[in-house]
Amino acid sequence: MCNFGFCNLSLIPVRAKESHSSEMVNQLLFGETFEILETLNEFVLIRGTLDNYEGFISRKQFLPLTKDEYEMLMSKDKLFPVNPISTITETNSGNTIKILHGSSLRGFEDGRLVIASQSFFTTDPMKSPDTVLDTEMLVQSALQFLNAPYLWGGRSLFGIDCSGLTQIVYNIHGIGLQRDSRCQAQQGETIHLLSEALSGDLAFFDDDEGNITHVGIIINNRKIVHASGMVRIDDLDHHGIFNQELKKYTHKLRLIKRMLGL
């Protein structure tokens, strides 16, 4: 019985309800896996392996896996594409798939993966997550998303939201973050002063009711890269994010977290 699934497309939308017109709340990138919780006509309710995030995806947009196939895949090392966009060929059909930065290539050996009824091959380079987190490399990964448009629920170069950016960047470097900023804010070690912040730390911002609504990656204790309209670099101080173009603060700083050791 196939109670699990594998994203075998470039990306697929995860929706709040079982409808193509429902709000997109997340995306799965190629290689990401999930548990199938319920089947509802043309949709399945899933729980993502990376972050336990739940939502609905189309039954036409994934590769079903048995428990044994899923566990086999989970036992393999995770790899990530080096290039911002790579190409993988599904060898049975000859179809090519564009693989986006941050996609999971778990189970690929010598450029090949055989899983369930499909077989994949690529000659594009891959890399393993860092064994020791290099915060400067983490920041460089974040900067590869510069100018990507903001997209609610997005997790790719072609559209990404603030917590999608932080999750993808940290995942590339071997650290798993939750999907939403309010959940990410509960992870890691609190840094009490901005002057003590290091490159790669996460800064969280709240609204007038005190709810965490935004997150970004500190470049140093004076700059931040974050998704707001697009992925951009803005000034940061103890008040929050200052947008030089608008000449005003756009986000109010709530707390800083260090995610080393997760």
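The values are calculated or read from the model by the stated rules, or taken from the named source; none is laboratory data. Just so it is clear, the model here is predicted, and its values are computed rather than measured. Glycine also receives a Cβ, built like all others from the backbone with ideal geometry; neighbour counts cover every protein chain displayed. To get the accessible areas, we keep the full protein, side chains included, count just its heavy atoms, and leave off ligands, DNA and RNA. Shrake-Rupley method; radii C 1.70, N 1.55, O 1.52, S 1.80 Å.
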Legend entry - GNM result for the chain, Cα springs below 10 Å: residue of H226, H20, H214 fluctuating most strongly: H20
Inset, instruction - Answer rounded, prolate or oblate for region 200-242, using the Cα gyration tensor with square roots of eigenvalues a ≥ b ≥ c: rounded when a/c is under 1.5, else prolate when a/b is larger than b/c, else oblate. - result: prolate
Legend entry - Choice from S128, S181, S163 with maximal GNM fluctuation in the chain (Cα, 10 Å cutoff): S128
Legend entry - Accessible surface of I212 - all protein chains present, 1.4 Å probe, nearest 10 Å²: 30
Inset, instruction - Pull up the cross-link candidates among the lysines for K257, meaning alpha carbon to alpha carbon under 16 Å and not fewer than 8 places away within one chain. - result: K223
Inset, instruction - Could you state the accessible area per residue of the chain in Å², with a 1.4 Å probe and every protein chain left in place? - result: 47
Legend entry - Fully extended contour minus Cα-Cα distance, from H238 to S22, at 0.36 nm per residue: 74.0 nm
Inset, instruction - Describe numerically, in nm with one decimal, the distance between label points set 7 Å from Cα along Cα→Cβ at R222 and at K247. - result: 2.2
Legend entry - Scattering profile of the chain at q = 0.07, 0.11, 0.13 Å⁻¹ [log10 I(q)/I(0), Debye over alpha-carbon scatterers]: -0.25, -0.61, -0.83
Inset, instruction - In whole angstrom, note down how far apart the Cα centers of region 52-87 and region 20-38 are. - result: 11
Inset, instruction - Starting from the Cα gyration tensor of region 138-262, take the square roots of the eigenvalues, sort them a ≥ b ≥ c, and report rounded, prolate or oblate (rounded when a/c is under 1.5, otherwise prolate if a/b is larger than b/c, else oblate). - result: rounded
Legend entry - Cα-based reach from K67 at 22 Å (exclusive), listing lysines while leaving out same-chain residues under 8 positions away: K76, K78
Legend entry - D130 - accessible surface, heavy atoms, 1.4 Å probe, Å² rounded to 10: 50
